Amino acid sequence: MPDDKAIRKLNECYIIINEYYSSCPAFYPKLGAVKSLILRSKWVLVIESALIDCMEKVASPETFIDPQLLEQLEEERSIIVHCKIFSDGDFLRIWKTTYLTQQNGSERASLLFALQISIAPQWCFIERADGWSYFTLIFETLPKYVRSFALQEVIPEPGGFYSALIQRNKTDVYEATLMYD
């Protein structure tokens, strides 16, 4: 039987899982197994180990995109931006008012989907890997004549994300390092 300290630690782990569960739908498959383990297990060290392992997998810079979603995106000619931002493992979110904008601002593409980050007003804890937090954003396409663009989060408060100018390529799949406004 676990002692009082172990039970408190068990409850802390359970609260962490519930916070992930409620704010980040992308984590459901990975955290569901850990939550089940917490509900069944009597040993806190096993739980902590599983939680750490799960969080490391979530923080991985490799992003899995469902093949059906990828096929749909290819048909619709979307732009995929794999983002990284230097953070201290904070809670992050992205606003729906995030755009890819042509340098002169005449063309812009709206955000369609966000993977491994939640859409505002929800916050999502993103564990960092080597000081960086990783997530993927999928946007409408831009006209073919647009040769470069930047990512910009347009929000009514300080701290919006933005990127340096990104040069267009044939695949419309990019990696961008984001900064805070």
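The values are calculated or read from the model by the stated rules, or taken from the named source; none is laboratory data. Quick caveat: nothing in here was measured; it's all calculated off a predicted structure. Positions of Cβ are backbone-derived with ideal geometry, glycine not excepted, and every protein chain shown enters the neighbour counts.
Within region 149-165, is there a residue that is part of a strand (DSSP E or B) and of a type in the set (Asp, Glu)? Scanning region 149-165, I find at least one residue that is part of a strand (DSSP E or B) and of a type in the set (Asp, Glu), so the answer is yes. Applying the selection to region 57-90, what residues are touching a strand residue (DSSP E or B) at 6+ places or on another chain (Cβ under 8 Å) and either at pLDDT 85 or above or part of a helix (DSSP H, G or I) (or both)? LEU69, LEU73, SER78, ILE79, ILE80, VAL81, HIS82, CYS83, LYS84, ILE85, PHE86 - these are the residues of region 57-90 that are touching a strand residue (DSSP E or B) at 6+ places or on another chain (Cβ under 8 Å) and either at pLDDT 85 or above or part of a helix (DSSP H, G or I) (or both). Just to be sure, is THR171 among the β-branched types (Val, Ile, Thr) and at pLDDT 95 or above? Taking the combined requirement at face value, the residue does not satisfy it. Scanning region 121-142 for residues that are exposed (fewer than 15 other Cβ atoms within 10 Å of the Cβ) and within 15 Å of TYR180 (Cβ to Cβ) gives a single hit, GLY131.
For region 103-123, filtered to residues that are at pLDDT 90 or above and closer than 17 Å to LEU165 by Cβ, the residue that is farthest from the chain's Cα centre (by Cα) is GLU107.
For (1) in contact with a Lys or Arg (Cβ under 6 Å, 6 or more places away or on another chain); (2) surrounded by 14 or more Cβ atoms within 10 Å (Cβ to Cβ); (3) closer than 18 Å to ASP90 by Cβ; (4) touching a residue at least 24 places away in the same chain (Cβ under 8 Å), each residue gets a yes or a no:
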site: SER118; (1), (2), (3), (4): yes, yes, yes, yes
site: LYS144; (1), (2), (3), (4): no, no, no, no
site: ALA150; (1), (2), (3), (4): no, yes, no, yes
site: PRO158; (1), (2), (3), (4): no, no, yes, no
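Selection of region 104-142 for residues being in a loop (DSSP other than H, G, I, E, B), over 20 Å from VAL173 (Cβ atoms) and not β-branched (Val, Ile, Thr) yields ASN104, GLY105, SER106, SER118, ALA120, PRO121, GLN122, TRP123, GLU127, ARG128, ASP130, GLY131.
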